[in-house]
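Colleague: What follows is a single structure, and I will ask about it in a moment.
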Amino acid sequence: MNAARPAPAFRPFAWKRTCPVSDIEGLMIREARRDDLEALIAIFAADDLGGHGDTTDPEAYGDYRAAFDAIAASANDTLYVAELDGMVVGTFQTSYTRTLTGRGGAVLTIEAVQTHPDWRSRGIGAKMIAAAIEKARAEDCRLVQLMSNRSRADAHRFYERLGFTPSHRGFKMKLKGL
C-alpha cells in the first residue's frame with residue numbers, strides 16, 4: 001500500500017513580499033504599502049462595472065485604511081500592486097485557505113484584479129495573474145480560483161486565455177448597502 005503524502009501543516013504564505021515576475025520593462029509586482037492607498041482607491045473608483053461603491057471621497061478613506069491594515073496584519077491575505085516607473089498601475093489580492101476537501105489541500109483565491117484604465121491591454125493583468133499563480137505553486141496549493149462579475153465578458157475571455165475554466169456558479173448576499 002502506498003503511503004499517502006502527509007499534508008503540509010497549516011501555515012501562512014512564506015512567499016509574501018516580492019514577486020520576480022516581470023517581462024514588461026520596469027514593471028514590478030510587490031506587496032502594497034499604506035502609501036499606495038490613494039492610487040489603489042482611484043483604480044477601484046474608476047471601475048464602472050464592479051458596483052462596489054468605491055469612491056475617492058476623502059470621508060471614505062478611514063474605511064480603506066482600516067481594511068488595508070486588516071489585510072496587512074493577516075497571515076493569509078496579501079494585497080499586491082503592479083508598479084511601473086513608480087506609478088501604481090494595477091492591483092490584486094490573494095487569500096490562502098486550507099480546506100478539508102481535496103484531501104486537505106490549500107487553495108489560493110485571487111480577488112480584486114484591477115488594472116488602471118489607462119494601462120489596460122498591455123499585459124499587466126497577465127503578469128499579475130502569473131504572479132499569483134507562482135505564489136500558489138510555491139506554496140503547493142492544489143487550486144487557484146477567482147470570481148468575476150458576470151457582466152465582465154472581456155475579463156472572462158482574459159481569464160480563459162490564461163487557463164482558467166468557468167467551472168462553478170457563484171452566489172453573493174449583500175449584507176451592507178453601497
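Colleague: Based on this model, can you work out whether R122 counts as in a loop (DSSP other than H, G, I, E, B), among the basic types (K, R) and closer than 28 Å to R33 by Cβ?
Modeller: Taking the combined requirement at face value, the residue satisfies it.
Colleague: Let me ask something additional. For the stretch 72-87, which residues satisfy the criterion of being surrounded by 12 or more Cβ atoms within 10 Å (Cβ to Cβ) and farther than 14 Å from A32 by Cα?
Modeller: N76
Colleague: Then there's this: Can you run down the residue pairs with Cβ atoms below 9 Å, 6 or more apart or on separate chains, where the first is in the stretch 136-165 and at negative phi and surrounded by 13 or more Cβ atoms within 10 Å (Cβ to Cβ) and the partner is assigned to a helix (DSSP H, G or I) and among the hydroxyl-bearing types (S, T, Y)?
Modeller: Close Cβ pairs (under 9 Å, with a partner that is assigned to a helix (DSSP H, G or I) and among the hydroxyl-bearing types (S, T, Y)) amount to L146/Y159; S148/Y159.
For every residue, the table says whether it meets (1) surrounded by fewer than 14 Cβ atoms within 10 Å (Cβ to Cβ); (2) over 19 Å from the mean Cα position of the chain (by Cα); (3) part of a loop (DSSP other than H, G, I, E, B).
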{"residue": "F44", "(1), (2), (3)": "no, no, no"}
{"residue": "D54", "(1), (2), (3)": "no, no, yes"}
{"residue": "A70", "(1), (2), (3)": "yes, no, no"}
{"residue": "V89", "(1), (2), (3)": "no, no, no"}
{"residue": "F92", "(1), (2), (3)": "no, no, no"}
{"residue": "Y96", "(1), (2), (3)": "no, no, no"}
{"residue": "G102", "(1), (2), (3)": "yes, yes, no"}
{"residue": "V107", "(1), (2), (3)": "no, no, no"}
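Colleague: Looking at S148 and the list (1) more than 17 Å from the chain's Cα centre (by Cα); (2) assigned to a loop (DSSP other than H, G, I, E, B), which single condition is not satisfied?
Modeller: Unmet for S148, out of (1) more than 17 Å from the chain's Cα centre (by Cα); (2) assigned to a loop (DSSP other than H, G, I, E, B): (1).
Colleague: Name the one entry in L49, L79 that is within 23 Å of K176 (Cα to Cα), modelled with pLDDT of 95 or more and not in a helix (DSSP H, G or I).
Modeller: Being within 23 Å of K176 (Cα to Cα), modelled with pLDDT of 95 or more and not in a helix (DSSP H, G or I) holds for just one of L49, L79, which is L79.
The values are calculated or read from the model by the stated rules, or taken from the named source; none is laboratory data. Source: prediction; values computed, not measured. Backbone-built Cβ (ideal geometry, glycine too); neighbour counts: all protein chains shown.
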